[in-house]
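Read through the structure below, which is laid out as structure tokens, and then see the notes.
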């Protein structure tokens, strides 16, 4: 399947491309709104919210992503990509974000960072919320995933989410929206299994 | 969060992986593409790449670009003389999640602040190769190419600027003679943000876990010894 990767000149595009190819998908770099197709959209991570939102807005990609999301197109946000799915981020002195998920992105308390690996488990048969998983033979992912961040998402709506013991939201899924705080593209086999589960 | 088992790989200007022993002897190990692919297959938790980036020579720049073509799914850190030019190159498409600094720690706060702005505080790692001599710690400054004395301010500055440090036992590098834990008498940095490297044995790794360190970065032994990363973890 083709996957749209948002490329505003920021973010770890190469890693996302490798990840998509590892899962037998065809990545397409999207540098303006007219290039988007109806296939899943991935918003990458590794950048700062202020600069990222500025560039999205400059290319009119922010409005187009919101429009496509509202019409049911699958959106996957990774790390920063997840954070900018919220209404607002504390990064760069405060940034208005996409508002796809009702919540805010805040610095981890005590200015700490979160680096390393955590366990990850999901079984789509056990998900009670409305999450549009594709119909697949495999319905479970069980492994570990890699985190590297200093801001965290705090949700203000009831969505399917997993909060780590440290209080950090590992992921949040709502209908066609899939936000993950970790880096599936750098989570070895678990990352491959997850993408295969999502698209 | 689990204890991390990483691997350190040195790369020369021609893009070949090299082995280093006690900071003195170096020999060519082979093609970096294969080395990284092996480490990815071994499922190490992270890879620390040390490349001669300083001055952004065409070759170093080419090595950075070539690395982006290697399809691995293991977290990567890069260092080896990051300057403002190579920082631009790295952050253009950050294939590397984190940055490793050495000489800038001593005299270039401006570069470190620039890096924090571009990559975030979580991306900042300081490489601290050390030797213990006459009951004193000496730390390697790559710009001066020598081990130097440091003051208490050094550690304070380090905690402000860096998220994690890698303590590298330079005497033990490339060997299996054991990491010198005496270094902790001199180190003033949060324990859960320290990785150790150089001469590591399984006993050392167990000790590091008990001390609740962040992890360990294996050097050459990763590529030569038949042992399970999962078991070490």
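A few notes on this one:
- Of all residues in the range B:23-32 being surrounded by 17 or more Cβ atoms within 10 Å (Cβ to Cβ) and over 15 Å from the mean Cα position of the chain (by Cα), the one that is farthest from residue A:191 (Cα to Cα): B:29
- Boolean, residue A:191 is touching a residue at least 60 places away in the same chain (Cβ under 8 Å), within 14 Å of chain B (Cβ to nearest Cβ) and either touching a helix residue (DSSP H, G or I) at 6+ places or on another chain (Cβ under 7 Å) or assigned to a loop (DSSP other than H, G, I, E, B) (or both): yes
- Those residues of the range B:31-49 which are over 17 Å from residue B:62 (Cα atoms) and not in a helix (DSSP H, G or I), in sequence order: B:43, B:44, B:45, B:46, B:47, B:48
- Residue that is farthest from residue B:166 (Cα to Cα), among those in the range B:50-89 that are at pLDDT 80 or above and away from chain A (no Cβ under 14 Å): B:51
- Within the set B:110, B:164, the sole residue that is in contact with a helix residue (DSSP H, G or I) (Cβ under 9 Å, 6 or more places away or on another chain), under 23 Å from residue A:47 (Cα atoms) and more than 14 Å from every other protein chain (Cβ to nearest Cβ) turns out to be B:110.
- Verdict on residue B:115 being touching a strand residue (DSSP E or B) at 6+ places or on another chain (Cβ under 6 Å), assigned to a helix (DSSP H, G or I), in contact (Cβ under 8 Å) with a residue 12 or more places away in the chain and closer than 30 Å to residue A:191 by Cβ: yes
- Meets criteria (out of contact with any helix residue (DSSP H, G or I) (no Cβ under 6 Å at 6 or more places or on another chain), within 14 Å of chain A (Cβ to nearest Cβ), under 17 Å from residue B:10 (Cα atoms) and buried (at least 20 other Cβ atoms within 10 Å of the Cβ)) for residue B:128: no
- Screening residue B:224 on (1) over 25 Å from residue B:134 (Cβ atoms); (2) surrounded by fewer than 18 Cβ atoms within 10 Å (Cβ to Cβ); (3) modelled with pLDDT of 95 or more shows it passes everything except condition (3).
- Inspection of the range A:144-161 finds a residue satisfying the criterion of being more than 30 Å from residue A:61 (Cβ to Cβ) and in contact with a strand residue (DSSP E or B) (Cβ under 9 Å, 6 or more places away or on another chain).
- Residues in the range B:138-158 that are surrounded by 19 or more Cβ atoms within 10 Å (Cβ to Cβ) and assigned to a strand (DSSP E or B): B:139, B:140.
- Only one entry of A:29, A:68, A:96, A:55 meets the criterion of being surrounded by fewer than 22 Cβ atoms within 10 Å (Cβ to Cβ), within 14 Å of chain B (Cβ to nearest Cβ) and in contact with a strand residue (DSSP E or B) (Cβ under 8 Å, 6 or more places away or on another chain), and that entry is A:29.
- Considering B:37, B:20, B:2, the condition of being within 14 Å of chain A (Cβ to nearest Cβ), surrounded by fewer than 21 Cβ atoms within 10 Å (Cβ to Cβ) and more than 22 Å from residue A:12 (Cα to Cα) is satisfied by B:2 alone.
- Candidate set: the range A:99-114, residues that are assigned to a loop (DSSP other than H, G, I, E, B) and in contact with a strand residue (DSSP E or B) (Cβ under 8 Å, 6 or more places away or on another chain); chosen: the one nearest to the other protein chains (Cβ to nearest Cβ): A:113
- Residue in the range A:9-26 that is modelled with the lowest pLDDT, counting only those that are surrounded by fewer than 23 Cβ atoms within 10 Å (Cβ to Cβ) and either away from chain B (no Cβ under 11 Å) or assigned to a loop (DSSP other than H, G, I, E, B) (or both): A:9
- Residues that are surrounded by 24 or more Cβ atoms within 10 Å (Cβ to Cβ) and in a strand (DSSP E or B), drawn from the range A:76-93: A:76, A:77, A:78, A:89
- Verdict on residue B:219 being more than 14 Å from chain A (Cβ to nearest Cβ), modelled with pLDDT under 90 and within 15 Å of the chain's Cα centre (by Cα): yes
The values are calculated or read from the model by the stated rules, or taken from the named source; none is laboratory data. Quick caveat, the model's predicted, so the values are computed rather than measured. Please note: Cβ atoms are built from the backbone with ideal geometry, for glycine as well, and neighbour counts cover all protein chains shown.
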